[in-house]
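Just so it is clear, none of the values below were taken in a lab; they were calculated from the coordinates. All of these numbers come straight from a predicted model, not from anything done at the bench. A quick note on method: Cβ atoms are made from the backbone with ideal geometry, for glycine too, and the neighbour counts reach across all protein chains shown.
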Amino acid sequence: MHGSTTLLNHFRVGLVLAALVISALGPNHVFGGTDPEHEALARLVHEISALELLIDEAEAQASPDARIRFRYDWLRQDLDKIRRGIEDHLEAPRAEPRPVPPLRGDYRR
């Protein structure tokens, strides 16, 4: 009986130590989770990349005879700047803000 009590006490000490380690490291570190903001930004990068197909489709359907034409090349450049900015943040977050080039914002000729 004494042996089983000692084993139970060791098991309890082990559980307490494991709980302390998990609480000290945080659940994301222990279980491999990621920051929710990081996940959302990664999804944004994916969605911006997926927009390329829609942009190609819209550009293919554009009328070459239109008096005012949409500048798909400018849209792609702006989306690329946005995507790169998000990727830069995901890869190496900085403590100091960095300058960001302005977007065109106007896609009409």
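Express in nm, to one decimal, how much length is gained between Leu79 and His38 on full extension, taking 0.36 nm for each residue of separation and deducting their alpha carbon distance.
12.9 nm
For a quick protection proxy, order the peptides 70-80, 51-61 by their average other-Cβ count within 10 Å, most packed first. Spell out each step's value before the answer.
Values: 70-80: 14.8, 51-61: 11.1.
The packing order, highest mean first, is 70-80, 51-61.
Starting from 0.36 nm per residue, how many nanometres of slack lie between His46 and Leu90 once their C-alpha separation is accounted for?
Working: separation 44, 0.36 × 44 = 15.84 nm, distance 1.28 nm.
Fully extending the segment from His46 to Leu90 adds 14.6 nm.
Please report the Cα spread of the stretch 34-109 along all three principal axes, rounded to whole Å, starting with the longest.
Answer, in whole Å and largest first: 49, 24, 13 Å.
Under a plain spin-label model, where a point goes 7 Å from the Cα along Cα-to-Cβ, how far apart in nm are Val100 and Glu59?
2.4 nm
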